[in-house]
1. Name the single residue that is surrounded by the most Cβ atoms within 10 Å (Cβ to Cβ) among those in the range 203-214 being among the small types (Gly, Ala, Ser) and part of a helix (DSSP H, G or I).
2. If you take the residues in the range 173-202 that are touching a Leu at 6+ places or on another chain (Cβ under 9 Å) and free of Cβ contacts under 8 Å to residues at least 40 places away in the same chain, which one is surrounded by the fewest Cβ atoms within 10 Å (Cβ to Cβ)?
3. Are any residues in the range 251-266 surrounded by 24 or more Cβ atoms within 10 Å (Cβ to Cβ) and either in a helix (DSSP H, G or I) or without any contact (Cβ under 8 Å) to a residue 12 or more places away in the chain (or both), and if so, which ones?
4. Only one of 70, 117, 125, 113 is more than 25 Å from the chain's Cα centre (by Cα) and either closer than 30 Å to residue 238 by Cβ or buried (at least 21 other Cβ atoms within 10 Å of the Cβ) (or both); which?
5. Listed residues 87, 61, 97; which is in contact with a Ser or Thr (Cβ under 6 Å, 6 or more places away or on another chain) and touching a residue at least 24 places away in the same chain (Cβ under 8 Å)?
6. Cβ-Cβ distance below 9 Å, separation of 6 or more or different chains: which pairs start in the range 134-160 with a residue that is among the polar types (S, T, N, Q) and end on one that is in a helix (DSSP H, G or I)?
7. Among the residues of the range 255-298, how many are touching an Asp or Glu at 6+ places or on another chain (Cβ under 7 Å) and aliphatic (A, V, I, L, M)?
8. Of the numbered conditions (1) over 28 Å from the mean Cα position of the chain (by Cα); (2) loosely packed, with under 13 Cβ neighbours inside 10 Å; (3) modelled with pLDDT under 75, residue 48 satisfies every one except a single condition; which is it?
Amino acid sequence: MRDLILGRLVQLVATLLGAATVVFVVTEVLPGDPAAMILGVSATPETLAALHRDLGLDRPVVWRFLGWLGDLARGELGESTTYRVAVASLIGERLGVTLALAVAAIGLSTAIGLPVGLAAAARAGGAFDTGVMVVVEIGLAVPAFWIGILLVLGFSVTLGWLPAGGFPGWGGGLGPAAAALVLPVVALALPQAAILARVTRGAALEVLSSDFVRAARAKGLDRGAVMRRHVARNALVPVVTILGLQFSSLVAGAILIENVFNLPGLGRLLFQAISGHDLVVVRALVTLFAGLVVVVNSVVDVAYGVIDPRLGRGAA
């Protein structure tokens with residue numbers, strides 16, 4: 001297990017370096033002059049030259065890249081050209097909303113998808129299984145932002161039970177803040193729960209058809225005991241894989257959902273930075289998102305070794 005963790009740490013550093021390089025190159029080759037986009041058509045040559053120096057655009061690209069890597073290593077993300085404050089400060093102000101949204105969505109999707117998938121597998125071919133698969137297909141077909149819009153129309157506009165958007169802040173109390181996150185969390189979680197239910201059902205059916213499960217049933221274990229003792233644990237490996245991939249989907253979905261519900265999170269900040277041509281913020285946020293995805297996938301790899309030590313030894 002120690003070798004597995006050390007190996008994943010080395011891969012983590014290498015992947016983060018690669019992701020940072022790709023982000024820098026992509027933002028560098030984008031068409032247009034960032035300084036001209038910021039200042040607009042009325043900018044004079046003098047103000048353009050001054051902003052070029054301020055942004056470091058007058059330096060060779062190699063030195064800009066090395067300087068940016070050095071800043072990343074020190075945790076310095078630069079200063080936003082739009083807000084004129086440190087990017088780290090902007091991220092810190094908004095990170096709590098995005099983390100709460102992502103963690104709650106993963107928790108809700110897992111709480112729905114795992115038991116529903118196992119229950120459908122236990123009743124494969126029956127009415128319950130058929131109904132679950134119909135709902136799963138609908139959940140996979142409808143994008144999260146459309147679900148968000150429908151939830152707003154139903155629970156905010158029509159019923160008036162929950163706020164349609166905005167965020168009161170954590171200082172106003174946990175209740176109002178949680179109420180503002182209910183609909184965004186549900187909108188993000190439902191498509192992920194559909195994916196998780198389908199994968200869990202497939203993995204559980206595969207385990208149910210194995211020889212050791214048939215032997216357990218032959219010894220007199222009832223279906224519930226077989227599901228608890230044998231099927232649930234052995235079906236976890238592909239499910240853990242999906243949980244890791246779901247985090248990537250949630251990061252992408254948060255950008256849309258935070259804009260639909262006007263939440264002051266990192267996804268909305270990224271959208272505003274792209275709209276305002278604030279490449280410093282864009283570069284920092286995309287690198288952060290990529291880093292979070294890499295870290296989560298590394299944790300998933302280590303989790304393989306916990307669930308099944310044979311996989312851990314093989315991976316090491």
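The values are calculated or read from the model by the stated rules, or taken from the named source; none is laboratory data. Remember, it's a predicted structure, so these values are computed and weren't measured experimentally. In this analysis, Cβ positions are derived from the backbone assuming ideal geometry, glycine residues included, and neighbour counts consider all displayed protein chains.
1. Among those residues, the one meeting the criterion is 204.
2. Taking the candidates together, the pick is 179.
3. 253, 254, 257, 258, 266
4. Just a single option satisfies the conditions, and that option is 125.
5. Just one listed residue meets the conditions, 87.
6. Close Cβ pairs satisfying both conditions: 156/183.
7. 1
8. (2)
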